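To start, the structure itself, in C-alpha cells.
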Amino acid sequence: MVVRQSLSGSWYFSGNSLKEVRLNRYAQSVRKAALAVAFSLYLAPWSSAGAQSAEGDPVAARQLKSGQSVLSTEQRPDGHKWVKARIFIKASPHVVWETVHEERKRDPDLAYSKVLKQEHNQSVLEQKFALIPVIGTAVCVMNNTEVPLQRIDYNMVSSDRFKALEGSWVLTPTEDNSATYLELSSYLDMGLPVPRPFVESVTAKKLQRRLSNVKNMAEATQSRLAHARAN
C-alpha cells in the first residue's frame, strides 16, 4: 500500500490507495450483509436445540407414517453434531437402494461427480458442489463405503473450501420388507466462521428435500412394478 508524508510530517494515503481502502471496506460490508441475509433466509423455524433423537417418539412416528420427514441430531464421539432426517417410504429396500443411487446422480447441488477409484464396495469420488450459501461452490474428494441394501457412509478426504463433510444413508426395512425407513445424516464444516445454527438449518433443509425426492421416485417405481406384476 502506498503511503505518503506531508511537509508537516503527517502521514496520509495517496488518492488511488485511499480508493482501494474504501473499496475493500465496502466489499467487507457487502459480504457481511450477504451473510446476514443468507442467515435470515435459510434459518428455518426448526432448531437443533433439544432435537436429539426421534426414536420412541410417538409424535415422530405419526409424522413418519403420514409421509413427513423427521429431524433429529446426534452428537458423535469426535465432537461433530450430525443433523439427521428420517422418512418412511412405501417401497422395498431393493427399490429404495437403487433409487438412492439414482437420486445422488441427479442431486442439483452437484455440478459434477467423477469416480477417481473404485473397488468392491468402496469408491473415491471428486465432486463439485454448487448453490452453497455464502461461498458459492466447493470441490471435494469424497470416500464412499457401501454395505449393499443397508447403508452408504461418506466422508471428505480433501476440499478446496470445506473443512469437513461426512454422513450416511441408512436403510431399515419393515418386518415384511414391503416398506423402508430411510435416514440421511450429514455434518458440514464450511471452513468459515459461520454460526452453527445457520449451517445446521441449511443442512436440515437439504436432507429433507433429498429424502422427499427419494420417496417420490421410489414409490413411483414400486407402483410401476406392482402394476406390471398385476398384468
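A short reminder: the numbers here are calculations on the coordinates, not readings from a lab. Predicted model, so just to flag it, every value in this text is computed and none were measured. Positions of Cβ are generated from backbone atoms using ideal geometry, with glycine treated the same way; all protein chains shown enter the neighbour counts.
Grouping the Cα pair distances of segment 114-175 into 10 Å bins from zero gives a pair-distance distribution of 21, 45, 25, 8, 1 percent in increasing distance order. Karplus-based coupling profile of segment 185-200, in residue order and whole Hz: 10, 7, 10, 10, 10, 6, x, 10, x, 9, x, 4, x, 5, 4, 5, with θ = phi - 60° in 6.51 cos²θ - 1.76 cosθ + 1.60 and x standing for Gly or Pro. Going from the fewest other Cβ atoms within 10 Å to the most, the residues Ser69, Ser186 appear in the order Ser186, Ser69. Couplings 3J(HN,Hα) for segment 123-137, derived from phi with the Karplus relation 6.51 cos²θ - 1.76 cosθ + 1.60 (θ = phi - 60°), are 9, 10, 10, 9, 10, 10, 8, 10, 6, 8, x, 6, 9, x, 9 Hz, where x marks Gly and Pro. Rounded to the nearest Hz, the phi-derived 3J(HN,Hα) couplings of segment 220-231 under the Karplus curve 6.51 cos²θ - 1.76 cosθ + 1.60 (θ = phi - 60°) are 5, 5, 4, 5, 5, 5, 5, 5, 5, 5, 5, 8, where x marks glycine and proline.
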